[in-house]
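K.L.:
First, the structure itself, so that you have it in front of you.
The values are calculated or read from the model by the stated rules, or taken from the named source; none is laboratory data. Owing to the predicted nature of the structure, the values given are computational and were not obtained by experimental measurement. Glycine also receives a Cβ, built like all others from the backbone with ideal geometry; neighbour counts cover every protein chain displayed. Areas reflect the complete protein model, heavy atoms only, side chains present, ligands, DNA and RNA absent. Shrake-Rupley method; radii C 1.70, N 1.55, O 1.52, S 1.80 Å.
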Amino acid sequence: MRAYDIILKKRNGKELATAEIEFLIGEYTAGRLPDYQLAAWAMAVFFTGMSKRETADLTMAMADSGDRIDLSPIQGVKVDKHSTGGVGDTTTLVLAPLVAAAGVPVAKMSGRGLGHTGGTIDKLEAIPGFNTSLSLEEFIANVNHRQVAVAGQTSNLAPADKQLYALRDVTATVDSISLIASSIMSKKIAAGAEKIVLDVKVGSGAFMKTYEQAVKLAESMVEIGRQVNRQTVAVLSNMDQPLGQAVGNALEVKEAVKTLYGEGPEDLIKLCLTLGAQMLKVAGMVETESEGREQLKEVLNSGAALRKFKDLIAAQGGNSSVVDDLTLLPAAKKQIELKAQKEGYIAGIDAEEVGLAAMSLGAGRETKDDIIDPSVGVVLQAKVGDQVNYGDTLATLHINDDANLMAVKEQLQSAYTITDEQSDKSKLIYKIIE
Ligand code: URA
Ligand code: CA
């Protein structure tokens, strides 16, 4: 087999055989094919697309390019939840204990944040003592004993995807639906998921800016799941404003704890119940989504979900008293209020700008090696649909120094769109694709 012939075939819009896709990915990962040949192939895919079968083949070839985590020692159906990335997305912190308390084992590998989006691992590390680097044995033992573990990725998962993504990033081939879909799914499959619930974010703060694009991506991932026998459900949710109120690591832990006490922001609760109900459904615990919601509400109301969160923290070396006393979490020195400069209705809050503002305060990383400050961030006091008067508080900034303060305040101010008429752009769940 020659890479040249495969590139030519794809350039001419033909369907590649499974062996040809395996050859490209295998040889590339082994360092036997140069970047320029894979880049040419990626560009050909960008223009001519891939069939459902090719997309599934690419997914499995990338999933098989490194370690495959074997979760079979865990009893029960292993359901993974994945978000395509948002701002202030506190869902995993709530969902992991919530779903685990309802009886579905949660073996969650999460990432760190980069740029305007935060990462679950950074958020958990805001809890004093919390250890996110578990060995695979500890990880599996924790899930078996406590039904839940959330850890950073240690194994070499889908290295082909890592290499190919870096190449796509510099060759204008990132935004091909089949390439994105197979990239995301390859990592979930390598991490051992049997069933997958996807939270596909749509809007200004998301990877997919439009509804149409998001539907295509979701359909492609659900189809991959079907082809490779990993039932997949996608929930399309709004990222035209950050989720919940808190954006920042310790602030989001607080938000998660409040939500588990039943006092969280409405949108965060709603999304968690929707995603959680889908997880229970694919796990075979319930027949319908509404049954799933009822079960989740029960474990919320009984305090079982909150106790599960304490359990999770204690099992991973963290100070679980933070759940009873939120002042034990790191807190910033100062709180500064951002005031509305006109009256009207909040029509939009650019999530990407809010994420970047929080990053400038120190809540996120500009480059991979930056060190984050767990205590800082932004708490949105007014959200889309709310009415504000001149001088009302839009947001509270939690800061430790004034260095970027003026610029950050300006950035946040411009993230808010305030209009005379009330527009309803606050719809949270757009569609569920299964
Ligand atoms: N996220 C991924 O994991 N892969 C892509 O290709 C794009 C976004
Ligand atoms: Ca949040």
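K.L.:
Using the Cα centre as the reference, give the magnitude of the dipole from point charges on the C-beta atoms of segment 82-216 (Lys, Arg: +1; Asp, Glu: -1; all else neutral), rounded to the nearest 20 debye.
P.N.:
On the way: 12 positive and 11 negative charges, 30 e Å.
Value, rounded to 20: 140 debye.
K.L.:
Over the chain, what per residue volume does the convex hull of the Cα atoms give, in whole Å³?
P.N.:
About 136 Å³ per residue, rounded to a whole number.
K.L.:
Moving to a separate point now. Longest exposed-loop-site-free stretch of the chain, with chymotrypsin sites (Phe, Trp or Tyr not before Pro), DSSP loop and at most 15 other Cβ within 10 Å? Can you show the working numbers first?
P.N.:
Details: sites that count: TYR261, TYR390.
That would be 1-260.
K.L.:
Using a 1.4 angstrom probe, figure out how much accessible area segment 1-146 has per residue, in square angstrom, rounded to the nearest whole. Show your work: numbers first, answer last.
P.N.:
Numbers: 5770 Å² over 146 residues.
Result: 40 Å² of accessible area for each residue.
K.L.:
Where nothing but the Cβ of Lys and Arg (+1) and of Asp and Glu (-1) is charged, how large is the charge dipole of the chain around its Cα centre, in debye to the nearest 20? Walk me through the intermediate numbers first.
P.N.:
Working: 45 positive and 57 negative charges, 165 e Å.
The calculation lands at about 800 debye.
K.L.:
Under a plain spin-label model, where a point goes 7 Å from the Cα along Cα-to-Cβ, how far apart in nm are GLN227 and LEU405?
P.N.:
The modelled label-to-label distance comes out at 5.4 nm.
K.L.:
Under a 5 Å amide H to amide H cut-off, with H placed in plane at 1.01 Å, what residues pair with LYS339 once short-range neighbours are removed?
P.N.:
LEU394
K.L.:
Quick one: net charge around GLU343, please, counting Lys, Arg +1 and Asp, Glu -1 for every other residue with C-beta under 13 Å from its C-beta.
P.N.:
Here the count lands on -2.
K.L.:
Out of segment 1-51, which trypsin sites (Lys or Arg not before Pro) are coil in DSSP terms and have no more than 10 other C-beta atoms within 10 Å?
P.N.:
Counting only loop positions with at most 10 other Cβ atoms within 10 Å, the trypsin sites (Lys or Arg not before Pro) in segment 1-51 are ARG2, ARG32.
K.L.:
Return the sequence-ordered ³J(HN,Hα) values of segment 115-121 in whole Hz as given by the Karplus equation 6.51 cos²θ - 1.76 cosθ + 1.60 applied to θ = phi - 60°, using x for Gly and Pro.
P.N.:
Using θ = phi - 60°, the values come out as x, 7, 9, x, x, 4, 4 Hz.
K.L.:
On the protein heavy atoms, probe 1.4 angstrom, tell me the percent of accessible surface of the chain carried by carbon and sulfur. Walk me through the intermediate numbers first.
P.N.:
Working: 8470 of 17780 Å².
The computed percentage sits at 48.
K.L.:
Sticking with this one: Straight-line reach from LYS52: which aspartates and glutamates fall under 12 Å, measuring Cα to Cα and dropping same-chain residues less than 8 apart?
P.N.:
Output for LYS52: GLU15, GLU219, GLU223.
K.L.:
Per DSSP H run of n ≥ 4, the term is -39500 (n - 2.57); total these for the chain, divide by its residue number, and report the mean residue ellipticity at 222 nm rounded to 500 deg cm²/dmol. Please list the in-between numbers first.
P.N.:
Details: 16 runs with 189 residues, N = 434.
Computed ellipticity for the chain at 222 nm equals -13500 deg cm²/dmol.
K.L.:
Where a ≥ b ≥ c are the square roots of the eigenvalues of the C-alpha gyration tensor, would you call segment 152-219 rounded, which needs a/c under 1.5, or, failing that, prolate if a/b is larger than b/c, or oblate?
P.N.:
oblate
K.L.:
If you don't mind, there's one more thing I want to ask. What are the GluC sites (Glu not before Pro) within segment 245-344 that DSSP puts in a loop, where the Cβ has at most 15 other Cβ atoms within 10 Å?
P.N.:
GLU263, GLU287, GLU343
K.L.:
Using alpha carbons only, what's the Rg to Rh ratio of segment 278-434 with Rh from Kirkwood?
P.N.:
In segment 278-434, Rg relative to Rh is 1.05.
K.L.:
Skipping prolines and chain starts, which residues have an amide H placed within reach, meaning under 5 Å, of the one on LEU198, given they are 5 or more residues away or on another chain?
P.N.:
Result for LEU198 returns HIS82, VAL233, ALA234, VAL235.
K.L.:
Which loop-located trypsin sites (Lys or Arg not before Pro) does segment 321-351 contain, where loop means any DSSP state but H, G, I, E or B and the Cβ has at most 15 other Cβ atoms within 10 Å? Mind dumping the intermediate values first?
P.N.:
Working: sites: LYS333, LYS334, LYS339, LYS342; in loops: LYS333, LYS342.
Here the sparse-neighbourhood loop sites are LYS333, LYS342.
K.L.:
Turning to a different aspect of this structure: Testing the spin-label approximation: label points 7 Å from Cα along Cα→Cβ at MET1 and GLU434. State their distance in nm.
P.N.:
Each label point is offset 7 Å from its Cα along the Cβ direction, giving 3.6 nm.
K.L.:
Here's a follow-up. Summing Lys, Arg as +1 and Asp, Glu as -1, what charge do residues with Cβ under 12 Å from the Cβ of ILE371 carry, ILE371 excluded? Numbers along the way, then the final one.
P.N.:
Values: positive: ARG112, ARG365, LYS368; negative: ASP122, GLU125, GLU366, ASP369, ASP370, ASP373.
So the environment of ILE371 carries a net charge of -3.
K.L.:
If you don't mind, another one. Dipole of the chain (Lys/Arg Cβ +1, Asp/Glu Cβ -1, origin at the Cα centre): which of PRO97, GLY225, LEU338 lies farthest to the positive side?
P.N.:
Of PRO97, GLY225, LEU338, it is GLY225.
K.L.:
For a quick check: with amide H placed at 1.01 Å from N, whose amide H comes under 5 Å from ARG365's, ignoring anything fewer than 5 positions away on the same chain?
P.N.:
Hits under the 5 Å cutoff: GLY115.
K.L.:
With r defined as the distance between the Cβ atoms of SER72 and ASN156 and R0 fixed at 22 Å, what FRET efficiency is calculated, to the nearest 0.05?
P.N.:
That gives a FRET efficiency of 0.70.
K.L.:
Nearest 5 percent is fine: what portion of the DSSP beta bridges confined to the chain is antiparallel? Walk me through the intermediate numbers first.
P.N.:
Working: 23 of 42 bridges.
Given both bridge residues lie in the chain, the antiparallel proportion sits at roughly 55 percent.
K.L.:
With every protein chain left in place, what is the accessible area per residue of segment 266-425 in square angstrom, probe 1.4 Å?
P.N.:
Spelled out: the 1.4 Å probe surface of segment 266-425, per residue, equals 48 Å².
K.L.:
Please get the size of the charge dipole for segment 1-131, origin at its Cα centre, with Cβ charges of +1 on Lys and Arg and -1 on Asp and Glu, quoted in debye to the nearest 20.
P.N.:
Charge dipole of segment 1-131: 240 debye, to the nearest 20.
K.L.:
From the square roots a ≥ b ≥ c of the eigenvalues of the alpha-carbon gyration tensor of segment 205-355, which class results: rounded (a/c under 1.5), prolate (a/b over b/c), or oblate? Let's see the in-between values first.
P.N.:
Values: a/c = 1.98, a/b = 1.14, b/c = 1.74.
Oblate shape, in that a/c is at least 1.5 and b/c is the bigger or equal ratio.
K.L.:
Here is a follow-up. What is the distance in Å between the Cα centroid of segment 33-52 and that of segment 309-356?
P.N.:
42 Å
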